[in-house]
Structure formats: C-alpha cells, structure tokens
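In what follows, a structure is listed as structure tokens, so that the remarks can point back to it.
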Amino acid sequence: MLTSPTILDAADPLARFQADFVRSDPDLIYLDGNSLGRLPRATADRVATAITEEWGRGLIRSWSHWIDLAREIGDRIGAGVVSARPGEVLVGDSTTVNLYKLAAAALDARPDRRVIVLDDDNFPTDLYVLQGLAAARNLELRVLHTDIDAGIDVDALRAALDDDVALLCLSHVAYRSGALADMSTITEAAHAVGALVLWDLSHAAGSVPVPLTESGADLAVGCTYKYLNGGPGAPAFLYVRRELQATLRQPIWGWFGQQDQFAMGSTYQPVAGIERFAVGTPPVLGLYAVEEGIRPVVEAGIDAIRAKGVALTSYAVDLSDAWLTPLGFRLASPRDAARRGGHVSLYHPDGWRICQALIARDVVPDYRTPDRLRLGFSPLTTSFEDVWTGLSRLRDLVAAEEHLTFDATPGRVT
Ligand SMILES: *Cc1c(COP(=O)(O)O)cnc(C)c1O
C-alpha cells in the first residue's frame, strides 16, 4: 500500500521551510534542487541591501567587514552543514578551481609518490583537473572502475592503494546515482598507506551528514548552489584539516593568502591558517547569497534534513516500483537508503525523450547519460506531494507514449 502524500506532509517536521523559498509557479514540480537549489525568499533583499547600502553608500569602507566574510561563512558551513572545526572551511572560487588548488597542494606534500587514485564515476570536472595535474607532473592516474548505479567498491579501492599513492580523490555522493561513499572507512584505508584524501562534497553538502572531523578527512571541496541554495555560480567552499594547514601550499600564490596583505610586500609568505588557500578578491555579493542559502539548512539541522531525504527518496523508490517498473524503468541508484544521498536516478532506454516530455508536463528533472532521469528531492523545498505528483505525471506520459513525439537528440545543456 502506498501512503498518501498528504499524510506524510502533515507529519513532516521540516514542512514549514518550504515557505522560506520562492515558488512562483505552484504547478511546477521542481526535482532539480540538487543541481540548482531554489531561491530563498531572503536572498533578493539581502543582496539588494548589500548593493545599495554597503556598496552604494559604504563604498570601499565596507571592506572593513567584507574582508572576513569568506572565513566567517566558511565557519558557518563547518559548524552547521559539514562537520568541521572553526578555521577549517573557506568560501570562494569555484569547486573546480578549489579542487585544483587542494589536489596540487596534496601532491606537493607527497613529492616521492607518483600515483593519483580516482574512480571513473567521478564528476567530469574532477577527472579533467586530475588528468591535467597528472599530465603536468608526469604522474600515474590509477582509475578505478565503479559501477555507475551501485557506487564505489571498497574492496577494489583497497586493492588500488599502495605506498606510491599520493592522493585519493572521490565524491562523497555520486553525482549520477546518488550512491553514498563511506567516508570513514575509505579515509582510513588511504591513510593506512600514507596517502591524502580529497573529497568532493558537491552532492553531499546540505543533504547528508559529512563527517570530515570524525573520519579524519584531509581535504574537501563542495558546491554552494546545489543543496545550499546559493544561486547560479555561487562561490564554492574548501576544507583543509587544521593539522595539515601549515605544511600544505596551494599553487596559486595570491595576495589574499598573504601575511599582512596590505603591507604590499614583494615576496609571498602565506598566512598560517585556512586563508592561505584563498587567492584573490572574494565575490562579496555571491557570499551574501551563500549566507542566506545556508541559513535554513543550518536552522533545520543536517540530521533532520537527512531523515527527510531518506523518507523522500524511499517514497520515490516505492512509487517507482509500483508505477514505473511496469513501464520499463529500472532503479539506477542504491536501493538501500543508507547507501544513497538525496537523489534517485531511474534508467529507461528512452530516457532523453522522456525527460523532455516530463519537462513539457511541468516537472523538472535532470537528464544524465546514459539514459538516466535524475530526480533530486531537496529536503527543505520538496514535499511528499511533489514526489507523488511528479512521478504520477511521469507514469501517465510514458503510459500514453507522449515522449515518442520528442526529438531523440540531446541538447547542449542537459
Ligand atoms: C556540480 C559539481 C561540480 C561543479 O563544479 P563547478 O566548478 O561549480 O562547475 C564539481 N564536482 C561535482 C561532484 C559536482 O557535482
């Protein structure tokens, strides 16, 4: 028996957070909050005030408080979104650039080792950054094969680790399947051979607990425009474990990492703390949007968010088993809720056309190759009613073969 969404919504302790976000089209079912989170109601005013008051009136004087924003917001992410101590998280640059900075820093810290381990289900930008670093330094990329629906095989990973490995780089939640990696076990395995570990938290931050401190993780990067609702192109964050900060050096020696920055000294001498991983002038307006984006996440608490994420994805799996499997869909995510993050993927051989037909029915999912519909259920902004309505529209359109009228060639942005 499928539970009615009305009953589930009535019992949802996080339901009130939906009102904190803009929902301009009540008929639109948005299942892509894991790619671009909804706009928090508070953001437009916060950014407008920053523009008119802090920039318009305060002008350059406002730098007296802008100067610390990247670290202050980083600390809030460390305290309420991922588990990190003060002074371990910094906001700025993109996830790609931060990945480059931290991966290069890790490789420099293991100069006698020649191998980077990663998996072939890593997000493309992560693969490219590591390919570029390996090419520039003549290192070996040891690429593990990962089942794209089931996630990382820890035994295969252990077999790939030896004392020539400098760096292991993986996603905490896989971008396509949502498979959740065991951060503690994997970090321990890498440390046992003396390697450093760099985690990409883009699909984890704001959807699952991220035990950076507890697992002893070394390094991490993550997005703020997905579950953290910071807006398109919002600055990313990076994490460096406190004990490593003094010995790691990132490759872009910019003035925002410099000791006594405004002394304008002619030689780079990085500060001791997390700001040595900064580069140039931070994107202040974007930082304020991040501040508003993480506010409801911190207020709701990550454990409550995770509990609702499990309930939403489990509900979607139940509805899919009942309605969609008979229509040729197959679950392309771990079935065990403990092994997946906040989204679920469904495979169908006609995935691209179905995705287009679903958008035409006012349901917005993501399409991911090969032939997967990725359904993101951002816990603060998605109701059980959304899951029910979204999947019932999907069922009805495929049953009516509406997708057969759509173009079979994928577009440039999917
Ligand atoms: C979304 C995402 C990124 C995005 O990187 P950008 O530099 O913001 O384009 C990187 N890695 C993963 C795993 C992602 O999911």
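Computed from the coordinates by the stated procedures, all read-outs in this text should not be read as laboratory data. Computed from a predicted model, the values in this text were never measured in an experiment. Glycine gets a Cβ as well: all are built from the backbone with ideal geometry, and neighbour counts include every protein chain shown.
Please work out the C-alpha center-to-center distance from the range 392-412 to the range 262-324 and express it in whole Å.
34
Taking one equal scatterer on every alpha-carbon of the range 1-148, how large is log10 of I(q)/I(0) by Debye at q = 0.12, 0.14 1/Å?
-0.89, -1.05
If you take the square roots of the eigenvalues of the alpha-carbon gyration tensor of the range 94-158 and sort them as a ≥ b ≥ c, do you get rounded (a/c under 1.5), prolate (a/b over b/c) or oblate?
oblate
If you put +1 on each Lys and Arg Cβ and -1 on each Asp and Glu Cβ, how big is the dipole of the chain around its Cα centre, in Debye rounded to 20?
In total the dipole reaches around 600 debye.
List 65, 172, 343, 403 from most exposed to least, where exposure is judged by having the fewest other Cβ atoms within 10 Å.
Values: 65 12, 172 28, 343 32, 403 21.
Going from least to most buried by this count: 65, 403, 172, 343.
How high is the FRET efficiency between residue 46 and residue 304 when r is their beta carbon distance and R₀ equals 30 Å, given to the nearest 0.05? It would help to have the intermediate numbers written out before the result.
On the way: r = 24 Å, r/R0 = 0.80.
Efficiency for this residue pair is about 0.80.
Charges only on Cβ, +1 for Lys and Arg, -1 for Asp and Glu: so what's the dipole of the range 213-262 about the Cα centre, in debye to the nearest 20?
Approximately 120 debye in magnitude.
Past the 25 angstrom mark, what percentage of all C-alpha to C-alpha distances in the range 224-343 do you count? The partial results should precede the final answer.
Working: 3686 of 7140 pairs.
Roughly 52 percent, once rounded to a whole number.
What is the spin-label model distance, in nm, from residue 23 to residue 244 if the labels are put 7 Å beyond Cα along the C-beta direction?
Distance between the two pseudo-spin positions: 4.1 nm.
Run the numbers for residue 362 and residue 285: contour at 0.36 nm per residue of separation, minus the present Cα-Cα distance, in nm.
Numbers: separation 77, 0.36 × 77 = 27.72 nm, distance 3.13 nm.
So the chain would gain 24.6 nm between residue 362 and residue 285.
For the range 45-299, state the average projected area of the convex hull of the C-alpha atoms over all orientations, rounded to one decimal in nm². Write down the numbers at each step before the final one.
Details: hull surface 54.0 nm².
Over all viewing directions, the range 45-299 projects a mean Cα-hull area of 13.5 nm².
What share of Cα pairs, in percent, lie more than 11 angstrom apart in the range 313-353?
63
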